[in-house]
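K.L.:
One structure is given below, represented as structure tokens, and several questions about it will come after.
The values are calculated or read from the model by the stated rules, or taken from the named source; none is laboratory data. Just so you know, these numbers come straight off a predicted model, no measurement behind them. Positions of Cβ are generated from backbone atoms using ideal geometry, with glycine treated the same way; all protein chains shown enter the neighbour counts.
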There are 2 protein chains.
Amino acid sequence: MKILIKGATIITMESPEAIIPNGVIAVAGPRIVYVGKESALPGDFQPEKIIDGTNMAALPGFVNCHTHAAMTLFRGFADDLPLMLWLEEKIWPLEAGLKKEDIYWGTLLGCVEMIRSGTTTFADMYFHMGQAARAVEKAGLRASLSRGMIGTAPGVGAGELPPLEYSVEFAKKWHGAVGGRITVMLGPHAPYTCPPDFLRRVIEIAREFGLGIHIHLAETAGEVDDMKRRYGKTPIQLMDELGLFALPVLAAHCVHLEERDIEILAAKKVGIAHNPQSNLKLASGIAPVARLLAAGAVVGLGTDGAASNNNLDMIEEMRTAALVQKAATGDPQALPAFTALQMATVNGARALGLGGEIGLLKPGYRADIILVNLHKPHLYPRHDPLAHLVYAAQGADVETVLVDGRVLMENRKLLTVDEEEVLNRAEECAQRLVKCPK
Amino acid sequence: MKILIKGATIITMESPEAIIPNGVIAVAGPRIVYVGKESALPGDFQPEKIIDGTNMAALPGFVNCHTHAAMTLFRGFADDLPLMLWLEEKIWPLEAGLKKEDIYWGTLLGCVEMIRSGTTTFADMYFHMGQAARAVEKAGLRASLSRGMIGTAPGVGAGELPPLEYSVEFAKKWHGAVGGRITVMLGPHAPYTCPPDFLRRVIEIAREFGLGIHIHLAETAGEVDDMKRRYGKTPIQLMDELGLFALPVLAAHCVHLEERDIEILAAKKVGIAHNPQSNLKLASGIAPVARLLAAGAVVGLGTDGAASNNNLDMIEEMRTAALVQKAATGDPQALPAFTALQMATVNGARALGLGGEIGLLKPGYRADIILVNLHKPHLYPRHDPLAHLVYAAQGADVETVLVDGRVLMENRKLLTVDEEEVLNRAEECAQRLVKCPK
């Protein structure tokens, strides 16, 4: 399908200045073929569909670098609690009762929310990932999916293979599937739940099958202390020594870092998923993002799961990242608007190993495009669209969403999913889990 | 007019448990006359209008305790800059060019944005406040208005009286006007711009006319150092000594506080406007809200102006307040959802001297009510409406807004203001200011 988006303010994300007022984007099949002024659009481009971008900003869809989409089922179930009480008495008992259908409907609920707030790609780590893949296929989003693996106590869902076997079968079936929209990583949960021997086995398999790794690293001060006590080194240094960073790695959190950790993460081009709202809500801390960026690290943004956020809204996440970093560094120039947008788009793409494919509006890139309606009172006057997107916009301002050149939402109407059915089914799953976790 | 709101989940804000599923609220004229189950609604209540609250949460409208509404004109004009450069090279030159009509349209733009995100009352400090009052009257909101006064260099707008005289005339005309919707405070800007002699005169006049005081206090570490150098005491202790706190005071920011300051603020029942997003964005710091609350202080929430926020969205402000306080204290139980909601409603009302009138859904209180649409993917499943409002909702979820029993917005349609005209006129004012500040 050939689509022409007309009349939008195009934020290509190639540089802060690369903004094209009243520009056009031409899409052919899954890719962008032209971005610029309409006057220079090749005359032989004959669109089958024209999308009116008047009053809209067009930008690359957001890349949510770390979430557990099915945990939308636990949104608002347990808040304002200490971490271990939250996990042991609230989250884990419910997770133990999760059935395949819960993962499908919970992930689909997350997909609906993400489309509605402009996310086009997400990195997910959870269980029953075949169901998550089905939900992603149905919703039309792009995703990097990982089966979360606990090395110390490999929990297996009803009818599931052991985690590593499951992950291999899952990768064989889904890595590169649905036109490349789905990719697969291996998902060892974290150093404190996956001992070195287990991680060595994961690294071996990742190498054998050409897969990346999605892992939680240095989320809490307690984890760092624990690793130092057990292994005499920080989680980052331990992973480096094991050779993990020779592979493409997506490392969630990276909150508590020593100077040497920052050097390693930057040098090894580890993709970092910064999750500011979750880190604040669980009182984990504030990641040294300004220092990571100064060191040249690849830092994307994630929401984490809706149980600790409690939404999957990347506009909010950009805002929180930018605001908190200014206060944490004492410098109001830290993490300016364009940098926050880079983290939410092109840098997130790099963190997921999708650099060169998504994250910019540029010919040859995948047509993952969102239109944000700027004709809103909270986005007037029109001094600066970059500042408005980061500091003033909200998820509901996202009007239209394309992934791989396919329109998933147009003028706030979802086209791939029956939204009412998703809300009802997710509600049923959640109520059943709460009433009778097992 | 008699209005019945039916079928809503009623969050009265009297306690975390005081939630009435499928309840009704009866409104007669400007006040609430009944809140509860429909079965117990007095039979003689004959509504002229019924509002369907199915799928909605009904709660008291938000109280924005500190803003400069007309500064919406500067939204996104200057971000990511150091404070003094921001003020001296960007904001002040534009402010010097502000004309009466700018204040009217800028304030009205702020009012439109506030109605759309559920704010029903705001406390404003700026110039040309007669124009702000006209905008508030037009929009139908409730407001506490103050003419900002710089004692050291009393700037006077074209055709304006000197600040103190202006304030007195303004109070005579507007304090208690439009059915009590508008109240007036005196607005000495801050201790560093208003020397003790000026403040003594302000206190005298406030006493004479029975007015409260709206002032910025202890916003930055630099201000506290400066006051200590000049007067040998903190801004709070200086104000206490001058006798300011014998009057009703609304103190914005209160970020940098000593233990003794916290004791004074709590003992004197000073209304504190906590502005977390502005404090983060300008890298001012994080106010010790958990300690203030533990000491029994009256803490409300504000957005500050849109030049340093950059929106006037109280849902976001609640979320930021709650999340940041958890990280700042290292305690995920700090500032739980219900406390954030109290700050945004009933405690904000107390901070503005409007306790007993607004901030609760309770018979006898003013009918300042908002309906928030819970039938949104990011608010499913329905585990906990309090958590959803604070941690997951967004401004655009606010569906219907009443102030003094008058419907200002119904199903997202504004009823008091021509929104397109406001956007266009505000845009014109802003563009003129940017092109030719004087």
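K.L.:
Return yes when A:Ala283 is at the interface with chain B (Cβ under 7 Å from one of its Cβ atoms) and more than 19 Å from B:Ala283 (Cβ to Cβ) and no when it is not.
P.N.:
Here the answer is yes, as A:Ala283 does meet what is asked.
Listed here are the residues, each with its yes/no results for (1) under 25 Å from A:Glu420 (Cα atoms); (2) among the hydroxyl-bearing types (Ser, Thr, Tyr); (3) modelled with pLDDT under 95; (4) not assigned by TED's automatic domain parsing to the domain that holds A:Gly395.
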{"site": "A:Gly36", "(1), (2), (3), (4)": "no, no, no, no"}
{"site": "A:Pro47", "(1), (2), (3), (4)": "no, no, no, no"}
{"site": "A:Asp52", "(1), (2), (3), (4)": "no, no, no, no"}
{"site": "A:His68", "(1), (2), (3), (4)": "yes, no, no, yes"}
{"site": "A:Pro93", "(1), (2), (3), (4)": "no, no, yes, yes"}
{"site": "A:Leu98", "(1), (2), (3), (4)": "yes, no, yes, yes"}
{"site": "A:Ile103", "(1), (2), (3), (4)": "yes, no, no, yes"}
{"site": "A:Leu108", "(1), (2), (3), (4)": "yes, no, no, yes"}
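Table: residues versus (1) farther than 24 Å from B:His274 by Cβ; (2) within 13 Å of chain A (Cβ to nearest Cβ); (3) outside any strand (DSSP E or B).
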position	(1), (2), (3)
B:Val35	yes, no, no
B:Gln46	yes, no, yes
B:Tyr104	yes, no, yes
B:Gly110	no, yes, yes
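K.L.:
Just one of A:Ala177, A:Ala133, A:Ala143 is closer than 26 Å to A:Gln342 by Cα, within 20 Å of the chain's Cα centre (by Cα) and either in the same structural domain as A:Leu242 (by TED's automatic domain parsing) or among the small types (Gly, Ala, Ser) (or both); which is it?
P.N.:
Answer to the selection: A:Ala143.
K.L.:
Here's another thing I want to ask about it. What is the number of the single condition among (1) under 14 Å from B:Lys138 (Cα atoms); (2) in contact (Cβ under 8 Å) with a residue 60 or more places away in the chain; (3) in a helix (DSSP H, G or I) that B:Val407 does not meet?
P.N.:
B:Val407 satisfies all of (1) under 14 Å from B:Lys138 (Cα atoms); (2) in contact (Cβ under 8 Å) with a residue 60 or more places away in the chain; (3) in a helix (DSSP H, G or I) except (3).
K.L.:
Go through (1) crowded, with 16+ Cβ neighbours inside 10 Å; (2) at pLDDT below 90 and name the single condition B:Gly155 misses.
P.N.:
Among (1) crowded, with 16+ Cβ neighbours inside 10 Å; (2) at pLDDT below 90, B:Gly155 violates only (1).
K.L.:
Could you tell me whether any residue of the range A:65-83 is in contact (Cβ under 8 Å) with a residue 24 or more places away in the chain and at positive phi?
P.N.:
yes
K.L.:
Which residues, taken from the range B:286-306, are within 14 Å of chain A (Cβ to nearest Cβ), in a loop (DSSP other than H, G, I, E, B) and within 18 Å of the chain's Cα centre (by Cα)?
P.N.:
Of everything in the range B:286-306, those that are within 14 Å of chain A (Cβ to nearest Cβ), in a loop (DSSP other than H, G, I, E, B) and within 18 Å of the chain's Cα centre (by Cα) turn out to be B:Ala287, B:Thr303, B:Asp304, B:Gly305.
K.L.:
Looking at the range A:262-279, can you tell me whether even one residue there is among the acidic types (Asp, Glu) and either assigned to a strand (DSSP E or B) or crowded, with 21+ Cβ neighbours inside 10 Å (or both)?
P.N.:
Within the range A:262-279, none of the residues are among the acidic types (Asp, Glu) and either assigned to a strand (DSSP E or B) or crowded, with 21+ Cβ neighbours inside 10 Å (or both).
K.L.:
I'd like the residue in the range A:1-33 that is outside any strand (DSSP E or B) and of a type outside the set (Asp, Glu) and, out of all such residues, is surrounded by the fewest Cβ atoms within 10 Å (Cβ to Cβ).
P.N.:
Of everything passing the filter in the range A:1-33, A:Ser15 is surrounded by the fewest Cβ atoms within 10 Å (Cβ to Cβ).
K.L.:
What number of residues within the range A:183-218 satisfy the criterion of being over 24 Å from the mean Cα position of the chain (by Cα) and within 21 Å of A:His256 (Cβ to Cβ)?
P.N.:
Qualifying residue count for the region: 2.
K.L.:
Considering only the range A:78-100, state which residues are within 14 Å of chain B (Cβ to nearest Cβ), in a helix (DSSP H, G or I) and surrounded by 14 or more Cβ atoms within 10 Å (Cβ to Cβ).
P.N.:
Answer for the range A:78-100, where residues must be within 14 Å of chain B (Cβ to nearest Cβ), in a helix (DSSP H, G or I) and surrounded by 14 or more Cβ atoms within 10 Å (Cβ to Cβ): A:Leu83, A:Trp86, A:Leu87, A:Lys90, A:Ile91, A:Leu94.
K.L.:
How many residues does the range B:1-34 contain that are in contact (Cβ under 8 Å) with a residue 60 or more places away in the chain, out of contact with any helix residue (DSSP H, G or I) (no Cβ under 9 Å at 6 or more places or on another chain) and not β-branched (Val, Ile, Thr)?
P.N.:
So the count comes out to 5.
K.L.:
Take the residues in the range A:90-130 that are among the basic types (Lys, Arg) and touching a residue at least 40 places away in the same chain (Cβ under 8 Å); name whichever of them is nearest to A:Leu186 (Cα to Cα).
P.N.:
A:Lys100
K.L.:
Quick check: is even one residue across the range A:145-163 within 14 Å of chain B (Cβ to nearest Cβ) and either part of a loop (DSSP other than H, G, I, E, B) or out of contact with any strand residue (DSSP E or B) (no Cβ under 7 Å at 6 or more places or on another chain) (or both)?
P.N.:
no
K.L.:
Please verify whether A:Glu204 is in contact with a strand residue (DSSP E or B) (Cβ under 6 Å, 6 or more places away or on another chain), on the phi < 0 side of the Ramachandran plot and of a type in the set (Asp, Glu), treating the condition exactly as stated.
P.N.:
In short, no.
K.L.:
Just to be sure I understand the filter: pairs with C-beta atoms under 6 Å, separated by 6 or more residues or on different chains, first member in the range A:165-178 and within 16 Å of A:Asp124 (Cα to Cα), second member part of a helix (DSSP H, G or I). Which pairs pass?
P.N.:
A:Phe170/A:Met129; A:Ala171/A:Phe209; A:Trp174/A:Ala133
K.L.:
Then there is this: Right, A:Thr121: among the polar types (S, T, N, Q), more than 9 Å from every other protein chain (Cβ to nearest Cβ), in contact with a Leu (Cβ under 8 Å, 6 or more places away or on another chain) and under 24 Å from A:Lys172 (Cβ atoms) or not?
P.N.:
In short, yes.
K.L.:
Filter the range B:179-225 down to residues that are touching a residue at least 60 places away in the same chain (Cβ under 8 Å) and among the hydroxyl-bearing types (Ser, Thr, Tyr) and give me whichever is surrounded by the fewest Cβ atoms within 10 Å (Cβ to Cβ).
P.N.:
Step by step, filter the range B:179-225, then rank; the result is B:Thr220.
K.L.:
Given the structure, is A:Asn55 within 25 Å of the chain's Cα centre (by Cα), polar (S, T, N, Q) and within 14 Å of another protein chain (Cβ to nearest Cβ)?
P.N.:
Judged against the criteria, A:Asn55 is not a match.
K.L.:
Within the group B:Thr120, B:Thr72, which residue is outside any strand (DSSP E or B), within 15 Å of the chain's Cα centre (by Cα), of a type in the set (S, T, N, Q) and over 24 Å from B:Gly285 (Cβ atoms)?
P.N.:
B:Thr72
K.L.:
Kindly establish whether B:Pro82 is farther than 21 Å from B:Met114 by Cβ and out of contact with any helix residue (DSSP H, G or I) (no Cβ under 6 Å at 6 or more places or on another chain).
P.N.:
yes
K.L.:
Which of the residues belonging to the range B:307-343 are over 27 Å from A:Asp384 (Cα atoms) and in a loop (DSSP other than H, G, I, E, B)?
P.N.:
Answer for the range B:307-343, where residues must be over 27 Å from A:Asp384 (Cα atoms) and in a loop (DSSP other than H, G, I, E, B): B:Gly330, B:Asp331, B:Pro332, B:Gln333, B:Ala334, B:Leu335, B:Pro336.
K.L.:
Could you pull out the residue among B:Leu360, B:Leu354, B:Leu379, B:Leu415 that is at negative phi, at pLDDT 95 or above and within 14 Å of chain A (Cβ to nearest Cβ)?
P.N.:
After ruling out the rest, the residue left standing is B:Leu379.
K.L.:
Going by what's in this entry, would B:Asp313 be described as surrounded by fewer than 23 Cβ atoms within 10 Å (Cβ to Cβ), acidic (Asp, Glu) and touching a residue at least 40 places away in the same chain (Cβ under 8 Å)?
P.N.:
No; evaluated as a whole, the condition is false for this residue.
K.L.:
Scan the range A:403-428 residue by residue and report those that are closer than 21 Å to B:Leu379 by Cβ, basic (Lys, Arg) and surrounded by 17 or more Cβ atoms within 10 Å (Cβ to Cβ).
P.N.:
A:Arg425
K.L.:
Where in the range B:195-258 are the helices (runs of 4 or more DSSP H), entirely inside, with at least 2 residues that are assigned by TED's automatic domain parsing to the domain that holds B:Ser284 and touching a Lys or Arg at 6+ places or on another chain (Cβ under 8 Å)?
P.N.:
So the answer is B:235-242.
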